[in-house]
Amino acid sequence: MRGGQLRNDGRMSFSVYSRALSRAADLVGGRGKLAKVLQVSTTEIDKWIADQAKPPREVFLRIVDLILDETRHAGNDGEAEPPPSRDAAGPSRRYLD
């Protein structure tokens, strides 16, 4: 079987860098806005998303921070209490006897 036909071949899947950049671009409203936030060119963003190059480590860490911040704000803003834990048996203990 040739390398291009393998399911887990690196050429057929996107790297964590590419996936993170795509996610960050979606969160901020596009590649152009992401380029402005990161203070890099859209050409660099396009290369990184296409897996033609890897972003510098400090830029990648900023991308991760952006994703974490946007995801946290979209969820519960950190102010709401987490949902109460659930007991699969419910309030009664009839299945535990």
| request: Could you tell me the convex hull volume per residue, in Å³, taken over the Cα atoms of the range 16-74? | output: 67
| For residue 16 and residue 37, FRET efficiency with R0 = 22 Å and r from the beta-carbon atoms, rounded to 0.05? | 0.70
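Using Cα pairs under 8 angstrom and six or more residues apart, how large is the relative contact order of the range 16-74, in percent? Write out the running numbers ahead of the final one.
Values: 44 pairs, mean separation 25.4, N = 59.
Dividing the mean separation by the residue count of the range 16-74 yields 43 percent.
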| message | Explain nothing, just compute: Karplus ³J(HN,Hα) = 6.51 cos²θ - 1.76 cosθ + 1.60, θ = phi - 60°, for every residue of the range 39-45 in order, whole Hz, x for Gly and Pro. | response | 6, 10, 7, 5, 4, 5, 4
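None of the figures in this text is laboratory data; all of them are computed from the coordinates on show. Only a predicted model underlies this, so the values are computations on that prediction, with no experimental measurement involved. Every residue, glycine as well, gets a Cβ built from its backbone with ideal geometry; the counts of neighbours run over all protein chains shown.
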